[in-house]
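The values are calculated or read from the model by the stated rules, or taken from the named source; none is laboratory data. Computed from a predicted model, the values in this text were never measured in an experiment. Here the Cβ positions follow ideal geometry from the backbone for every residue, glycine too, while neighbour counts run over all protein chains shown. Just so you know, the surface numbers come from the protein's heavy atoms only, side chains and all, with ligands and any DNA or RNA stripped out. Shrake-Rupley method; radii C 1.70, N 1.55, O 1.52, S 1.80 Å.
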Amino acid sequence: STVRTRTLIIIIVIVAAVTISWTILSVIARGRKSYSVFSRGFWEEVYPPTFDVSPSGDTVVFTARGEGGSDLFALNLRTRHIVSLTRSPQFEAEVRFLDNSTVITSAVEDPESMSSPQYLYAVNVGDGSRRRLTADPRMRDDTIVPLSRDQFVFSRAEVRKQFNPIWGFFVKPWGFVDVYGVHVGDYLMNLRTGSVEQVHLQHPSILFHLGQVGAVFHDKRRVIQLVSRGATEDMFLTQLSSPLGSPQIRAVRKKRLARSACCPALSEDERFVYFVKEEPPTAQYDIVRLDLMSLQSTRLAGRHQRITCLRLSGQWLFFLEGSGKDVTLWRMDTQGKRLEKLLSPAQFANPLRK
């Protein structure tokens with residue numbers, strides 16, 4: 001009887017141990033699978049499609065569905081022909097022109113990982129060749145602000161992780177580790193010399209970091225700045241003590257230009273700034289032209305979907321409308337009288353489809 005009892009207890013313990021082990025392994029496997037699936041879609045939520053227009057106004061380079069989840073593509077505005085610039089395992093998240101032949105892109109190195117670093121690449125628009133500009137595995141480099149054909153500034157954030165086993169176990173299997181990007185500084189890169197220098201802000205509490213710079217004037221001493229105000233942003237004209245990119249800069253004065261504004265674009269003669277004004281009660285997004293001399297504003301168009309990116313080239317305003325995967329690229333003349341669709345949601349999903 002005693003032997004049978006012991007045997008039964010041993011069997012129960014073994015069954016319980018196997019059951020618990022199986023449960024733990026199942027949760028881990030489910031967590032890994034969910035983490036992988038979530039990671040692949042994570043960067044698409046963080047970085048929706050974006051674009052930039054060449055200084056000549058002939059080419060649009062945009063991000064769309066590609067090899068690593070997102071690649072760079074070029075649209076010739078004369079022929080409407082689209083070509084692929086990159087076919088990389090990285091997730092290209094941002095693109096800005098330095099001149100007609102060179103764009104800078106910020107790319108997520110491992111799209112399968114939410115803790116992936118982001119590096120900057122210079123890409124030749126003619127042949128798609130590229131070279132890596134940054135390579136710190138602890139950092140995410142993005143928010144590119146072009147200054148000239150050889151210089152640009154960018155923001156750098158440190159990848160930090162926090163272990164949350166309870167949150168991950170009960171709420172989301174991919175949430176065992178939460179990842180944060182903590183801003184650590186703004187940097188100036190010179191492509192001609194290859195140098196990277198940190199931009200020191202003497203009074204960061206009253207100034208900004210480059211994530212808030214929307215447009216830069218030719219003298220680099222004035223910038224259009226966006227300052228958060230709750231869920232919206234106000235647009236300011238900020239005078240700097242020295243040119244943007246100098247080792248030490250501070251704000252001299254600020255002038256508020258508009259409330260609930262985003263996506264500023266400066267005209268070539270620097271007289272006008274075009275921006276998007278959100279009207280919260282009606283969920284309407286107005287494209288507005290502001291005369292910087294008289295401070296008189298003119299509404300050019302009203303849209304009912306969010307506008308996430310606005311660029312100006314010659315007589316054309318280019319803007320990206322929509323959210324998630326349902327985005328459309330338009331261009332409109334600066335008088336608001338002619339509107340033309342350039343890229344549909346289907347083309348962002350499959351840019352090379354005939």
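Structure values in brief
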read-out	value
Residue 144 vs. criteria under 20 Å from residue 67 (Cβ atoms), buried (at least 16 other Cβ atoms within 10 Å of the Cβ) and among the β-branched types (Val, Ile, Thr)	no
Test: residue in segment 118-133 that is modelled with pLDDT of 95 or more, within 18 Å of the chain's Cα centre (by Cα) and assigned to a loop (DSSP other than H, G, I, E, B)	yes
Residue match in segment 308-328 (condition: open to solvent by less than 70 Å² (accessible area, probe 1.4 Å), among the hydroxyl-bearing types (Ser, Thr, Tyr), in contact with a strand residue (DSSP E or B) (Cβ under 6 Å, 6 or more places away or on another chain) and within 19 Å of residue 49 (Cα to Cα))	yes
First in segment 175-188 and farther than 30 Å from residue 248 by Cα, second anywhere and modelled with pLDDT under 65 and not in a strand (DSSP E or B), Cβ under 7 Å, 6 or more apart	175/164; 175/167; 175/168; 176/31; 176/164; 176/165; 176/168; 178/164
Candidates 108, 103 - the one that is at negative phi, open to solvent by less than 10 Å² (accessible area, probe 1.4 Å) and touching a residue at least 60 places away in the same chain (Cβ under 8 Å)	108
Entirely in segment 245-332, the strands (runs of 3 or more DSSP E) that have 2 or more residues that are over 30 Å from residue 187 (Cα atoms)	272-279, 284-291, 297-303, 316-323
All positions within segment 186-207 that are at pLDDT 85 or above, open to solvent by less than 80 Å² (accessible area, probe 1.4 Å) and touching a strand residue (DSSP E or B) at 6+ places or on another chain (Cβ under 8 Å)	186, 187, 188, 189, 190, 191, 195, 196, 198
Any hit, segment 249-261, residues being open to solvent by less than 50 Å² (accessible area, probe 1.4 Å), at pLDDT below 95 and not hydrophobic (A, V, I, L, M, F, W, C)	yes
